[in-house]
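Working notes, beginning with the structure itself.
The values are calculated or read from the model by the stated rules, or taken from the named source; none is laboratory data. Because the structure is predicted, anything quoted here is derived from the model rather than measured. Glycine gets a Cβ as well: all are built from the backbone with ideal geometry, and neighbour counts include every protein chain shown.
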Amino acid sequence: MGAHRSELAEYLQPTRFIDSDHPDVVEFAERVAGTEPASTEKAIALYYAVREGIRYDPYRIDLRPDAMRASAVLARGFGFCVAKATLLAAVARVHAIPSRLGFADVRNHLTTERLRRLMRTDVFAYHGYTELYLEGAWVKATPAFNSSLCERFNVAPLEFDGRHDSLFQQFDRTGNRYMEYVRDHGQFADLPLEQMLAAFEEHYPTLMSEGLYDVSGAFEDDAAAEGPGGP
């Protein structure tokens, strides 16, 4: 049995970070998926628009509150997993599709040497994804990794059909382990920024203290040079 509409109300409203009422977010959502009532097909179209239209880049992470809003992510055209998940949640709400954010700590076995050196761990704390309420159930969608980046690492991009969870790539195309979830932090109606920052301080104290979240260069270029799909 699906959730009652009143139970979903908080997942339909604009919030501080999921600013689904911002004109640019509304324009993007309607351009991608029209103006007709909510549907699974709309959710699928929005997923691919965010996955491919906003480039994944963990080298240039701006953790200031204003920069973490969905409208700011859209304006930049790139972002890390949490930023892209926030944007997907926002454009879904434009179309009256209930949405929320989910977080988990993930062990990522394929990353660039530079990012691994900066993080000093292969655990990505508070990896973000989106949950969409479709056809009476919550379905997980992870729009983080655009297909060109996946190609660099020889891993298939995550597909989304609106009915099954699309959460993470467990293995690359040759059977090597790619990602595994190690801790679930639950789901939220808005981005829990302070909670996430506290986790970052715990996992990456040097990175946070030295302000190294803005790294020169392009993550995808490094992936091309280092990854199995590169030269």
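Tell me which residues, restricted to the stretch 185-211, are in a helix (DSSP H, G or I) and more than 20 Å from residue 101 (Cβ to Cβ). Scanning the stretch 185-211 gives 205, 206, 207, 208, 209.
Take the conditions acidic (Asp, Glu) and at pLDDT 75 or above and apply them to residue 226. Does it pass? When the stated conditions are applied, residue 226 does not pass them.
Please pick out the residue among 58, 37 that is under 21 Å from residue 208 (Cβ atoms) and of a type outside the set (A, V, I, L, M). Break it down into steps so the answer makes sense when it comes.
Values: 37 fails: under 21 Å from residue 208 (Cβ atoms).
Only one candidate qualifies: 58.
For the stretch 134-154, taking the residues that are in contact (Cβ under 8 Å) with a residue 60 or more places away in the chain and in contact with a Phe, Trp or Tyr (Cβ under 7 Å, 6 or more places away or on another chain), the one that is farthest from residue 112 (Cα to Cα) is identified as 141. Taking residue 36, is it out of contact with any Leu (no Cβ under 7 Å at 6 or more places or on another chain), assigned to a helix (DSSP H, G or I) and surrounded by fewer than 21 Cβ atoms within 10 Å (Cβ to Cβ)? When the stated conditions are applied, residue 36 does not pass them. Among the residues of the stretch 62-87, those identified as surrounded by fewer than 20 Cβ atoms within 10 Å (Cβ to Cβ) and in a loop (DSSP other than H, G, I, E, B) are 62, 63, 64, 77. Considering only residues that are over 14 Å from residue 99 (Cβ atoms) and either among the β-branched types (Val, Ile, Thr) or in contact (Cβ under 8 Å) with a residue 40 or more places away in the chain (or both), which ones fall in the stretch 5-25? Hits for the stretch 5-25 are 16, 22, 24. Here residue 52 passes the criteria (1) surrounded by 15 or more Cβ atoms within 10 Å (Cβ to Cβ); (2) under 12 Å from the mean Cα position of the chain (by Cα); (3) not aliphatic (A, V, I, L, M) except the one numbered (1).
Scan the stretch 91-114 residue by residue and report those that are part of a helix (DSSP H, G or I) and surrounded by fewer than 18 Cβ atoms within 10 Å (Cβ to Cβ). Steps first, please.
Filtering the stretch 91-114 down to residues part of a helix (DSSP H, G or I) leaves 91-94, 113-114.
Result: 113, 114.
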